[in-house]
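Here the structure comes first, spelled out in structure tokens, and everything after it is commentary.
The values are calculated or read from the model by the stated rules, or taken from the named source; none is laboratory data. Note that the coordinates shown come from a computational prediction; the quantities given were computed from them, not determined experimentally. All Cβ positions, glycine included, derive from the backbone under ideal geometry; neighbour counts span all protein chains shown.
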Amino acid sequence: MDSKYLQRILLARVYDVAHDTPLDYAANLSRRLKHDVWLKREDQQPIFSFKIRGAYNKMSRISPSVLKRGVVAASAGNHAQGVAMAGKTLGCPVTIFMPITSPEIKVKSVKSFGAKVKLVGDSYAEAFAAADAFRKRKGLRLISPYDDADIIAGNGTIGLEIMRSAKGKLDAIFVPVGGGGLIAGIATYVKSVSNNVKVIGVEPMDSDAMTRSLNAGKRIALKEVGIFADGVAVKLVGKECFRLVQKYVDDIVQVDTDETCAAIKDIFEDTRTIVEPSGALAVAGLKKYCSRLNRNGKGFVAVNTGANMNFDRLRHVSERAEIGERREAIIAVTIPERPGSFAQFCATIGDRGITEFNYRFADEAEAHVYCGVQISSREEGSRLIATLKRNDYPVL
């Protein structure tokens, strides 16, 4: 056991600015999954993200003379807000490098704390390279978003709060994974007090650096990462984070964009709060994990890490949530270009609702139909495709 981390977590300076967030029972989700599900509400922090914990714990331990010169950080958004708020609290000038693709709501929040923002590149890696060059040129301290003992310890206070507040049996804690600082901190604390509670990470399929690294036994750098869950869009996990994850994390679950959107809807239905994609990963992974279990009645916690969602993304999330819940099937079908063929296609679809539709002329012989069809389950979607194929409709 890493006794130094346990001590660091117990002495972490987070509560000058961070809240001991509630552990809320998700009644609707629990009823559907037939397991007790609790949500750790880090979306209720002052910056609507857990990131204030690690950032403040780190910066509060830096000497006043260093803070006076200023600090620099790179982030897609939430770490930037944490550093900016900590800087304002401690009277420290802050410069943040953010990818051009960062959500506007996060950029505005960083600026509201008085930090200088520089938008650079299309990814965290490019923003970090620019921040590191700026640090060297100006002689400033760089605040890592995850690969730092004080950052990890600050995040570990979430694990402390969960273990202290958990009601009834607790079987597993689900944690989003980006660079690894959050799950490293939580897992290190949890395993120091109980080996019976599993710590399970959740990654997007298109940003799976931790999964690949664990499989390889060494850190693997991704060439590209998805940006939908921008809060975890990391090409290379932290060195110290990886060491702790190897030692203490039980499993990693991967989820796709549709499953993440469905989880955003699940959280909304239980809390009336809209979390950002990375903030919903834990619930998405929890649901997937539950689908593999052959018994009910377990107790799970999902860490809702943030709620900094751009409003204009909500329509996209709503549409993809239906697919993630297997309530909509998106199909592309080729039909003959002749009178009556479209009516026959509609008859084959039956009385199912159509959520979207596009008819495109291909040539004199055929046309392409793209449509969204309401379904009640994945099995019904499979039956629909089988029916279309039996009626000689090529499904793409």
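Here is a yes/no grid of residues against (1) modelled with pLDDT under 95; (2) within 26 Å of residue 153 (Cα to Cα); (3) in the same structural domain as residue 42 (by TED's automatic domain parsing):
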position: 182; (1), (2), (3): no, yes, yes
position: 187; (1), (2), (3): no, yes, yes
position: 226; (1), (2), (3): yes, no, yes
position: 242; (1), (2), (3): no, yes, yes
position: 251; (1), (2), (3): no, yes, yes
position: 259; (1), (2), (3): yes, no, yes
position: 271; (1), (2), (3): no, no, yes
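Elements of the type helices (runs of 4 or more DSSP H) sitting completely within the range 257-371 and holding at least 3 residues that are surrounded by fewer than 17 Cβ atoms within 10 Å (Cβ to Cβ): these cover 314-324, 341-349. Scanning the range 198-220 for residues that are hydroxyl-bearing (Ser, Thr, Tyr) and surrounded by fewer than 23 Cβ atoms within 10 Å (Cβ to Cβ) gives 211, 213. Looking at (1) over 17 Å from the mean Cα position of the chain (by Cα); (2) outside the structural domain of residue 80 (by TED's automatic domain parsing); (3) of a type outside the set (Asp, Glu), find the lone condition where residue 130 falls short. That leaves (2) as the condition not met. Give the range 81-105 a look and list any residue that's in a helix (DSSP H, G or I) and farther than 20 Å from residue 150 by Cα, or say none. Across the range 81-105, the qualifying residues are 104, 105.
Filtering the range 190-208 to residues that are in contact (Cβ under 8 Å) with a residue 60 or more places away in the chain and among the β-branched types (Val, Ile, Thr) leaves 200, 202. The set of residues from the range 162-184 being within 16 Å of residue 200 (Cα to Cα), among the aliphatic types (A, V, I, L, M) and touching a residue at least 40 places away in the same chain (Cβ under 8 Å) comprises 162, 170, 172, 173, 175, 177, 182, 183, 184.
Taking strands (runs of 3 or more DSSP E) as the structural unit, those lying wholly within the range 18-80 and holding at least 3 residues that are within 18 Å of the chain's Cα centre (by Cα) and either closer than 30 Å to residue 115 by Cβ or of a type in the set (S, T, N, Q) (or both) correspond to 36-41. Just so you know, in the range 196-211 the residues that are part of a strand (DSSP E or B) and among the aliphatic types (A, V, I, L, M) include one that is nearest to residue 257 (Cα to Cα), and it is 202. Considered as a group, the residues in the range 372-396 that are hydrophobic (A, V, I, L, M, F, W, C) and touching a helix residue (DSSP H, G or I) at 6+ places or on another chain (Cβ under 8 Å) include one that is modelled with the lowest pLDDT, and that residue is 375.
Quick check on residue 75: is it without any contact (Cβ under 8 Å) to a residue 24 or more places away in the chain and either outside the structural domain of residue 9 (by TED's automatic domain parsing) or surrounded by 23 or more Cβ atoms within 10 Å (Cβ to Cβ) (or both)? For residue 75, the condition - without any contact (Cβ under 8 Å) to a residue 24 or more places away in the chain and either outside the structural domain of residue 9 (by TED's automatic domain parsing) or surrounded by 23 or more Cβ atoms within 10 Å (Cβ to Cβ) (or both) - is not met.
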